[in-house]
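The values are calculated or read from the model by the stated rules, or taken from the named source; none is laboratory data. Owing to the predicted nature of the structure, the values given are computational and were not obtained by experimental measurement. Using ideal geometry, Cβ is built from the backbone for each residue, glycine included, and neighbour counts are taken over all protein chains shown.
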Amino acid sequence: MPSDALALGTIGQIAMPVRDPARGLAFYRDVLRLPFLFAAPPLAFFDCGGVRLMLTLPSSPEYDHPGSILYFRVPEIRAAQAELEARGVRFTQGPHRVARLPDHELWLAFFPDTEGNTLALMGEVPLTEGAP
């Protein structure tokens, strides 16, 4: 009989598939500058605001595909885009508003990592501040 006591908590770890672990490690550590936690080759682990990101070789053919889109929250989306472009990141879609909510606007910008995974910047702009 199922128990109603189980309540899932926060996400503890996300696996992102890579085909070249060294290239993936360099991109996430040196270009995105995510805090590097540790490596257990061919795995590499980073801290994303309390959620651990694990770069991993696909363990079987069904996992050999681009990962889910990771949305990185940033305080100033245009400034974050400019900084990443200065580090060599090429955006496939620049900052654009996707929703106007009662108290803020949601803005997104998309870019690929070195492995073909799509990543995004996410900015939530209070309506009193105006759009980026």
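Scanning the range 92-132 for residues that are small (G, A, S), touching an Asp or Glu at 6+ places or on another chain (Cβ under 8 Å) and assigned to a strand (DSSP E or B) turns up A99, G123.
Rundown of residues vs (1) surrounded by fewer than 17 Cβ atoms within 10 Å (Cβ to Cβ); (2) at pLDDT below 95; (3) out of contact with any Lys or Arg (no Cβ under 8 Å at 6 or more places or on another chain), yes/no style:
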site: A79; (1), (2), (3): yes, no, yes
site: E85; (1), (2), (3): yes, no, yes
site: A99; (1), (2), (3): yes, no, yes
site: L106; (1), (2), (3): yes, no, no
site: D113; (1), (2), (3): no, no, yes
site: E129; (1), (2), (3): yes, yes, yes
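Evaluating V74 against the criteria (1) under 13 Å from the mean Cα position of the chain (by Cα); (2) touching a residue at least 60 places away in the same chain (Cβ under 8 Å) leaves one unmet condition, (2). Of all the listed residues (L119, L53), the sole one being surrounded by 14 or more Cβ atoms within 10 Å (Cβ to Cβ), within 11 Å of the chain's Cα centre (by Cα) and not assigned by TED's automatic domain parsing to the domain that holds V31 is L119. Residues in the range 1-32 that are in contact (Cβ under 8 Å) with a residue 12 or more places away in the chain, out of contact with any Lys or Arg (no Cβ under 7 Å at 6 or more places or on another chain), surrounded by fewer than 16 Cβ atoms within 10 Å (Cβ to Cβ) and assigned to a loop (DSSP other than H, G, I, E, B): T10, I11, R19, D20.
Residue-wise test of (1) of a type in the set (A, V, I, L, M); (2) outside any helix (DSSP H, G or I).
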residue: F46; (1), (2): no, yes
residue: L55; (1), (2): yes, yes
residue: P58; (1), (2): no, yes
residue: Q81; (1), (2): no, no
residue: L84; (1), (2): yes, no
residue: R90; (1), (2): no, yes
